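Q: Here it is, the structure in full.
The values are calculated or read from the model by the stated rules, or taken from the named source; none is laboratory data. Keep in mind it's a predicted model, so treat the numbers as computed, not measured. No Cβ is skipped: glycine too gets one built from the backbone with ideal geometry, and neighbour counts run over all protein chains shown.
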């Protein structure tokens, strides 16, 4: 994660934010054994925000993440206080399936993107090896003038044809 966000959000930040969220959640919800952790979707969300912020000014990334968290909290509070999740059945019966499709599309897209990049990287390495193999001399005899005039084996100097 640190590599994809320019060092702004890495493993330490993910662990700290998960621990802080778990602490606040356990104190406010009276459920101390709830497991809270970062998931792949949160990572993708952070990558997407970083890519958007990178178009403008990377130095505001922490502020954008903070405001995103604040607005997400406000939205979640409004939904929970109004018990608005009950009304999802009137919008669609397929909210879980729609979310699952979204997750599947995101992960398939990431798989293809990473796979293509890996194959391009592998192709570049193979091309570099092939180029270095073609540019290296084929035998040490051709590079050294002494090697071409000297006999190649001790038995060759004793043969009658060399005299």
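Residues checked against (1) surrounded by 10 or more Cβ atoms within 10 Å (Cβ to Cβ); (2) modelled with pLDDT of 75 or more; (3) under 49 Å from the mean Cα position of the chain (by Cα):
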site: 111; (1), (2), (3): yes, yes, yes
site: 129; (1), (2), (3): yes, yes, yes
site: 138; (1), (2), (3): no, no, yes
site: 162; (1), (2), (3): no, no, no
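Q: Would you say residue 78 is within 18 Å of residue 7 (Cβ to Cβ) and assigned by TED's automatic domain parsing to the domain that holds residue 11?
A: Numbers: within 18 Å of residue 7 (Cβ to Cβ): no; assigned by TED's automatic domain parsing to the domain that holds residue 11: yes.
When the stated conditions are applied, residue 78 does not pass them.
Q: Still on this structure: Do any helices (runs of 4 or more DSSP H) lying entirely in the stretch 1-87 carry at least 1 residues that are in contact with a helix residue (DSSP H, G or I) (Cβ under 9 Å, 6 or more places away or on another chain), modelled with pLDDT under 80 and under 26 Å from residue 107 (Cα atoms), and which ones are they?
A: Numbers: elements: 11-29, 40-54, 61-81.
Once the helices (runs of 4 or more DSSP H) in the stretch 1-87 are filtered for at least 1 residues that are in contact with a helix residue (DSSP H, G or I) (Cβ under 9 Å, 6 or more places away or on another chain), modelled with pLDDT under 80 and under 26 Å from residue 107 (Cα atoms), what remains is 11-29, 40-54.
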